Amino acid sequence: MSELNLILTGPPGAGKGTQAKRLMDRCGIPQISTGDMLREAVASGSELGQRVKGIMDRGELVPNEVVIELVRERLARSDCKTGFILDGFPRTPEQARVLDQILEDLGREAVRVACLQVPEQELIDRILSRGEGRADDNQETIRRRLEVYQNETAPILDHYAAALKQVDGVGSFDEIAERLAAAVGVGS
Ligand code: AMP
């Protein structure tokens with residue numbers, strides 16, 4: 001395969017964002033984080049931002065159609081032609097189904113999917129200590145985000161069963177980066 005079309009999934013706090021950035025530098029393909037795009041919308045005070053702020057602060061998912069349109073538009077840009085790293089999308093089976101269709105319409109090759117696995121207590125500790133100043137990085141919201149992950153996002157793992165690689169997300173940043181690169185076939 002010549003395209004590196006990657007979905008990086010896993011619970012909140014698993015390290016998707018940092019690992020996606022590493023892969024982006026390594027492979028020269030863009031990281032597409034719906035969370036970052038939505039936080040930018042909130043920071044800019046746009047109509048979209050005002051619409052999603054409360055939902056994000058509560059740790060709930062924003063409506064499928066909102067994120068799907070962001071991703072549809074982003075994937076059509078020329079810098080995604082040789083690949084992309086989706087970080088935090090899809091987060092529901094509906095998003096996964098629509099993504100399949102978007103990629104088919106764009107004539108893209110199959111996706112590779114990696115799920116970073118980290119025990120729940122470590123996720124909570126990491127989020128509380130990461131100090132990024134995110135409005136949703138507090139004890140109550142974290143619990144809700146973990147629940148939402150289990151109930152709404154984990155089912156996408158069935159959708160991707162054939163392409164899925166589980167990656168141990170505990171260890172040093174470099175160790176995890178190596179495991180991830182090996183799992184998705186980009187070598188070192
Ligand atoms: P993240 O930075 O990926 O942890 O996302 C932060 C928040 O943005 C999530 O808790 C959701 O409220 C929202 N969000 C990000 N991506 C999605 C998505 N694919 N579907 C629905 N909501 C999302």
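We did not get these values from a lab; they are worked out from the coordinates using the rules stated. As the structure is a prediction and not an experimental result, all values here were calculated from the model. Note that we place each Cβ from the backbone using ideal geometry, even for glycine, and neighbour counts take in every protein chain shown.
Structural remarks
- Taking the numbered list (1) in contact (Cβ under 8 Å) with a residue 12 or more places away in the chain; (2) over 16 Å from the mean Cα position of the chain (by Cα); (3) part of a helix (DSSP H, G or I) in turn, residue 127 passes all entries but (2).
- The residue that is nearest to residue 156 (Cα to Cα), counting only those in the range 76-110 that are of a type in the set (A, V, I, L, M, F, W, C), touching a residue at least 40 places away in the same chain (Cβ under 8 Å) and touching a helix residue (DSSP H, G or I) at 6+ places or on another chain (Cβ under 6 Å), is 96.
- Within the range 1-21, restricting attention to residues that are away from the ligand (no atom under 16 Å from the Cβ) and surrounded by fewer than 19 Cβ atoms within 10 Å (Cβ to Cβ), the residue that is farthest from residue 161 (Cα to Cα) is 2.
Residues are listed down the side, and each one gets a yes or a no for (1) of a type outside the set (Ser, Thr, Tyr); (2) surrounded by 14 or more Cβ atoms within 10 Å (Cβ to Cβ):
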| position | (1), (2) |
| --- | --- |
| 82 | no, yes |
| 85 | yes, yes |
| 89 | yes, yes |
| 92 | no, yes |
| 99 | yes, yes |
| 110 | yes, no |
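- Residue satisfying all of: in the range 37-57; assigned to a helix (DSSP H, G or I) and exposed (fewer than 14 other Cβ atoms within 10 Å of the Cβ); farthest from the ligand (Cβ to nearest atom) among these: 47
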